[in-house]
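One structure is given here, and the rest of the page talks about it.
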């Protein structure tokens, strides 16, 4: 079945079963490998993408349910105002250790700053709690989010 999608601001058509998880359409059909497979149950956050600006777990989203929503992946997150500040802070503070979870972390952090421009530590911890980092870089993640929030506020 042909499915029309808007991914990273580009309209695309894929031939896929409507029940196929969005994660696998992104990785296999559209060749966008930045979104990672973690647990397959929507619990770890590695597969996080933005669907009309909302952070979702792409391993749990059937591609047939996307409809006309716009999908943003890690490959294009810097096109979003919060995303560019998050990416810059991640690089500046050398946040990743192994890096596997970082695409999902960055996507969730971008969503967080778009919802809450000046989050407190408790807000960051609560909003990022669905993203697991096996290397435990949580303190660097929090620091990067605070730095990005400051930079985004200064740029506004």
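Quick rundown of the values:
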read-out	value
Cα shape, region 46-102, gyration tensor, a/c 1.5 rule	oblate
Crossing angle, helix 138-155 versus the chain [Cα axis fit, 0-90 degrees, rounded to tens]	90 degrees
Between 0 and 90°, nearest 10: helix 81-92 axis offset from the chain longest Cα axis	60 degrees
Folded to 0 to 90 degrees: helix 102-115 orientation relative to the chain principal axis, Cα	70 degrees
Cα-based shape type of region 117-156, given that a ≥ b ≥ c are square roots of the gyration tensor eigenvalues and the cut on a/c is 1.5	prolate
Mean Cβ neighbour count within 10 Å, used as a protection proxy, ranking 102-113, 138-149 highest first	102-113, 138-149
Rg/Rh for region 77-155, where both radii come from Cα atoms and Rh is the Kirkwood radius	0.91
Whether region 26-71 is rounded, prolate or oblate, judged on the alpha carbon gyration tensor where a/c under 1.5 counts as rounded	oblate
Computed over the chain, Kirkwood Rh from alpha-carbon pairs, angstrom	15.5 Å
Cβ-based exposure ranking for 10, 49, 87, 66, in which fewest neighbours within 10 Å come first	10, 87, 66, 49
Estimated [θ] at 222 nm from DSSP helical runs (n ≥ 4, -39500 (n - 2.57)) normalised by residues in the chain, nearest 500	-10500 deg cm²/dmol
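All of the numbers you see were taken from the coordinates with simple rules; none came from a lab. Everything quoted here is computed from the prediction, not taken from an experiment. Methodologically, a virtual Cβ is constructed for each residue, glycine included, from the backbone with ideal geometry; neighbour enumeration extends over all protein chains shown.
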